[in-house]
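A quick write-up on the structure given underneath.
Nothing in this text is a laboratory measurement; each read-out follows from the coordinates by a stated rule. This one's a predicted model, so the numbers in the text were calculated from it and none came from an experiment. As a convention, Cβ positions derive from the backbone with ideal geometry for all residues, glycine included, and neighbour counts pool all protein chains shown.
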Amino acid sequence: MAEIKEFVVNDRRKFTAEGDIRPDAPPSEPKAPRPETLQPAAPPPDQYESSAKLTGPQAVPDKPVGATGPESISEADPNPEAPPPPTAEQSEQAQRAYAATIDRLDTAIRASNPGMEPMPDMSFERLVQSVYMQSILQLGGGTEPGQAPQVDLLGARQSIDMLSLIAEKTTGNLSASESSLIQSALFEARMGFLEVTQMLARQAATKQPGQPPTTPNGPSIVR
């Protein structure tokens, strides 16, 4: 038969049945304060003052808001990721190499085509005429008779805007004949653009659903 050990029951209740505090009740432990009643620890007196007096690479410059200077936005590079321009020596070397290559190319062309005249040098007149003719071709000029013109409105607009940019950037640096040329080219190209767009608008207004256009040989938009 197993041996039964004696055990003692300690009454740890704080109050009696009548609600009175028991004289032998253990003392109550103080309750921890609630989190919302905790006060944040005050920073050391010199914390902010010392951080404002940092020196060295990590120091914040004492500059008022809106102050201008070398680091201001207005004087910043609008395209900081652009590569630096070439040096004068690099530009000169590239020009010499380009000229030597052109000379060898012209020599080879004359050797294979003895009667061919040399290509004329580039000039302001040739530049304007080239861009102007490109805009006319994009507006459908030069189309073979009996064929519908193919119009590239976006390309023509870009070419006309290019002529406008050339005129703007060369203001005050042109002779009387050069200024007259660029203004005439711009006028003719813009008028041609307006004529084509108005013709396309009339063609779209008179076209019925499911029917061919009223002008079979009228211009059609490429893009």
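Values as computed for the structure displayed
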item	result
Gain upon complete extension [Arg202, Ser177; 0.36 nm per residue less C-alpha separation]	5.2 nm
Cut-off 12 Å between beta-carbons: net charge of the residues surrounding Gly141, Lys and Arg +1, Asp and Glu -1	-4
Debye, to nearest 20: dipole size of region 117-194, +1 on Lys, Arg Cβ, -1 on Asp, Glu Cβ	240 debye
For region 76-142, convex hull of alpha carbons as volume per residue, Å³	198 Å³
Neighbourhood charge, 15 Å Cβ-Cβ cut-off, centred on Ala167 and excluding it, Lys, Arg +1 and Asp, Glu -1	-3
Residues with amide H under 5 Å from that of Val151, placed H, sequence gap 5 or more	Ser220, Ile221, Val222
